[in-house]
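Trainee: Structure provided below as structure tokens; questions to follow.
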Amino acid sequence: MIRLGVLASGGGTNLQAILDACAAGRIAAQVAVLVSNVPGAGALERARRAGVPTEVVPSKGVADREAYDLRLVEVLRAHRVDLVCLAGYMRIVTPAFLRAFGPLPETRGCPRVVNIHPGLLPSFPGLHAQRQCVEYGARFAGCTVHFVDEGTDTGPVIVQAVVPVEPDDTEEILARRILEQEHRLYPQAIHWFAEGRLSVQGRRVVVAGARTLPPAPIANPAVEIG
């Protein structure tokens, strides 16, 4: 069973999905610590209700990003964390942080920092992916669990889910539907990591033994001829 360190800045619904999956025995992991950069973040209360240790490392007004991240590394190592899960963590981690949780021989080339993004990467990286999608007029949205590298949402993709964009969707409506899929995908990706089924080959993440969907192209709106 691996030990997770979750970093969150907000309400913590993805943290809750992870906590629920751990409690139900659906993933071979436990949340060892919840760290927030925002005092009073909702994720802190969710962790406390689950009996998970919490740490607050405020980031407001901090100018030295690397020094801040090295403090985070100290906290996570003190809790013997095997995998760091960014769950609504509204800061870009530094190279120093990523080096501290880089690949180990037993992780088969996999970094030890993962993130979930509410968009189908590489489309719509960064903030407000749902808004970007709606304003662009895209027909499909979704979410992505990926390993974290030094770019902004540019790390190798582990798993994605597709969510069609409906004609009347607003950013908020679309975000709610995407969030439902986030809550499914994140525990699954963590479970694959915990089972040792992930490996990285170049930019491609291989999931040993995973089922793949049959080739069934979809269109939105539906094609009416041919």
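Trainee: From VAL62, VAL38, grab the single residue that is β-branched (Val, Ile, Thr) and either closer than 24 Å to VAL200 by Cα or surrounded by 15 or more Cβ atoms within 10 Å (Cβ to Cβ) (or both).
Mentor: Criteria check complete, one pass: VAL38.
Trainee: Would it be correct to say that GLY5 is over 16 Å from the mean Cα position of the chain (by Cα) and touching a residue at least 24 places away in the same chain (Cβ under 8 Å)?
Mentor: no
Trainee: Looking at the stretch 155-171 only, could you name the residues that are open to solvent by 30 Å² or more (accessible area, probe 1.4 Å) and part of a loop (DSSP other than H, G, I, E, B)?
Mentor: GLU166, PRO167, ASP168, THR170
Trainee: Which of the numbered conditions does HIS117 fail, given that it passes all the others? Conditions: (1) more than 25 Å from ALA194 (Cβ to Cβ); (2) buried (at least 22 other Cβ atoms within 10 Å of the Cβ); (3) out of contact with any Leu (no Cβ under 8 Å at 6 or more places or on another chain).
Mentor: (1)
Trainee: Output the residues belonging to the stretch 22-36 that are outside any strand (DSSP E or B) and either within 12 Å of VAL6 (Cβ to Cβ) or among the aromatic types (Phe, Trp, Tyr) (or both).
Mentor: Passing the criteria: only CYS22.
Trainee: Moving on. What are the residue pairs meeting all of these: first residue in the stretch 55-66, first residue within 13 Å of PRO39 (Cβ to Cβ), second residue part of a helix (DSSP H, G or I) and open to solvent by 80 Å² or more (accessible area, probe 1.4 Å), Cβ atoms under 7 Å, and 6 or more apart or on different chains?
Mentor: VAL57/ARG71
Trainee: So LEU98 passes all but one of these: (1) in contact (Cβ under 8 Å) with a residue 40 or more places away in the chain; (2) open to solvent by less than 10 Å² (accessible area, probe 1.4 Å). Which condition number does it fail?
Mentor: The one condition LEU98 does not meet is (2).
Trainee: Considering each residue of the stretch 104-114, count those that are open to solvent by 20 Å² or more (accessible area, probe 1.4 Å) and at pLDDT 95 or above, and give that number.
Mentor: 2
Trainee: Here is a list: VAL93, VAL163, VAL81, VAL157. Which entry is touching an Asp or Glu at 6+ places or on another chain (Cβ under 8 Å) and of a type in the set (A, V, I, L, M)? Please lay out each step first, then the result.
Mentor: On the way: VAL163 fails: touching an Asp or Glu at 6+ places or on another chain (Cβ under 8 Å); VAL81 fails: touching an Asp or Glu at 6+ places or on another chain (Cβ under 8 Å); VAL157 fails: touching an Asp or Glu at 6+ places or on another chain (Cβ under 8 Å).
Residue meeting the stated conditions: VAL93.
Trainee: Let me ask another. Within the stretch 121-144, how many residues turn out to be hydrophobic (A, V, I, L, M, F, W, C), in contact (Cβ under 8 Å) with a residue 40 or more places away in the chain and over 20 Å from TRP192 (Cα atoms)? First the steps, then the outcome.
Mentor: In the first step, residues of the stretch 121-144 are kept if they are hydrophobic (A, V, I, L, M, F, W, C); the result is 121, 124, 127, 129, 133-134, 138, 140-141, 143.
Right, trim to in contact (Cβ under 8 Å) with a residue 40 or more places away in the chain and you get 133-134, 140, 143.
Subsequent filtering for residues that are over 20 Å from TRP192 (Cα atoms) retains 133-134, 140.
Residues in the stretch 121-144 being hydrophobic (A, V, I, L, M, F, W, C), in contact (Cβ under 8 Å) with a residue 40 or more places away in the chain and over 20 Å from TRP192 (Cα atoms): 3 in total.
Trainee: For the subset of the stretch 120-154 comprising residues that are assigned to a loop (DSSP other than H, G, I, E, B) and under 11 Å from the mean Cα position of the chain (by Cα), which member is surrounded by the fewest Cβ atoms within 10 Å (Cβ to Cβ)?
Mentor: Looking at residues that are assigned to a loop (DSSP other than H, G, I, E, B) and under 11 Å from the mean Cα position of the chain (by Cα), I get ASP153.
Trainee: Separate question: Could you tell me which numbered condition LEU185 fails, if it satisfies all but one of (1) open to solvent by less than 30 Å² (accessible area, probe 1.4 Å); (2) among the hydrophobic types (A, V, I, L, M, F, W, C); (3) more than 19 Å from ASP82 (Cα to Cα); (4) without any contact (Cβ under 8 Å) to a residue 60 or more places away in the chain?
Mentor: (4)
Trainee: On to the next question. Please go through the stretch 37-54 and give me each residue that is touching a residue at least 24 places away in the same chain (Cβ under 8 Å), part of a loop (DSSP other than H, G, I, E, B) and touching a Pro at 6+ places or on another chain (Cβ under 9 Å), ordered by number.
Mentor: Residues satisfying the conditions are ASN37, VAL38.
Trainee: Considering only the stretch 188-226, state which residues are under 20 Å from PRO105 (Cβ atoms), basic (Lys, Arg) and open to solvent by 70 Å² or more (accessible area, probe 1.4 Å).
Mentor: Once the filter is applied, which keeps residues that are under 20 Å from PRO105 (Cβ atoms), basic (Lys, Arg) and open to solvent by 70 Å² or more (accessible area, probe 1.4 Å), the stretch 188-226 yields only ARG204.
The values are calculated or read from the model by the stated rules, or taken from the named source; none is laboratory data. This one's a predicted model, so the numbers in the text were calculated from it and none came from an experiment. When we count neighbours, we look across all protein chains shown, and the Cβ atoms used for this are built from the backbone with ideal geometry, even at glycine. With ligands, DNA and RNA removed, areas are computed over all heavy atoms of the protein, side chains included. Shrake-Rupley method; radii C 1.70, N 1.55, O 1.52, S 1.80 Å.
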